[in-house]
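What follows is a short report on a single structure.
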Amino acid sequence: MIVGETVKLYEKTQTGTDEYGESIYSESPIEVNDVLIQPTTSEQNVNNMSLYGKMAAYTLSIPKGDEHSWEDTTVEFYGRRWRTFGIPIQYTDANTPLRWNKEVKVERYE
């Protein structure tokens, strides 16, 4: 049986704008249950460096039905903070036999 873990996702909320008209955000932690955490392979990291100039430490598989924004945000697991990068990859629910249908890459943030 595959068991996911609880991850803290720091959801951004716009709280205003600065004197230059740029948005100001606050972050609130939200627990997301049943997330799979997988280390990336060296081959995947070669591709990530070519595409994004970043090295992923882990790939997170997000459960079906999750509506949170995972793009360019902070997550916390294993007692450390990580930053998502790239566009999350979403698969069609009907063609995904397990409980997870979205993947996002994370790099070390601290």
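Across the accessible surface of the chain, with the other protein chains kept in place and a 1.4 Å probe, carbon and sulfur atoms take up 48 percent. Rolling a 1.4 Å probe over the protein heavy atoms gives the chain an accessible area of 64 Å² per residue.
Seen from every direction in turn and averaged, the convex hull around the alpha carbons of the chain projects onto 8.6 nm².
So if I place +1 on the C-beta of Lys and Arg and -1 on the C-beta of Asp and Glu, and nothing else carries charge, what would the dipole magnitude of the chain be about its Cα centre? I want it in debye, nearest 20. The calculated dipole for the chain is roughly 420 debye. Summary value for the range 59-110: 46 percent relative contact order, contacts being C-alpha pairs under 8 angstrom separated by 6+ residues. Between Ser42 and Arg83, the modelled label-to-label distance comes to 2.6 nm, taking each label 7 Å out from Cα in the direction of the beta carbon.
The values are calculated or read from the model by the stated rules, or taken from the named source; none is laboratory data. Model, not experiment: these values are computed from the prediction. Note that each Cβ is placed from the backbone with ideal geometry, even for glycine, and that neighbours are counted across all protein chains shown. Remember, those area values only see protein heavy atoms, side chains included, never the ligands or the DNA or RNA. Shrake-Rupley method; radii C 1.70, N 1.55, O 1.52, S 1.80 Å.
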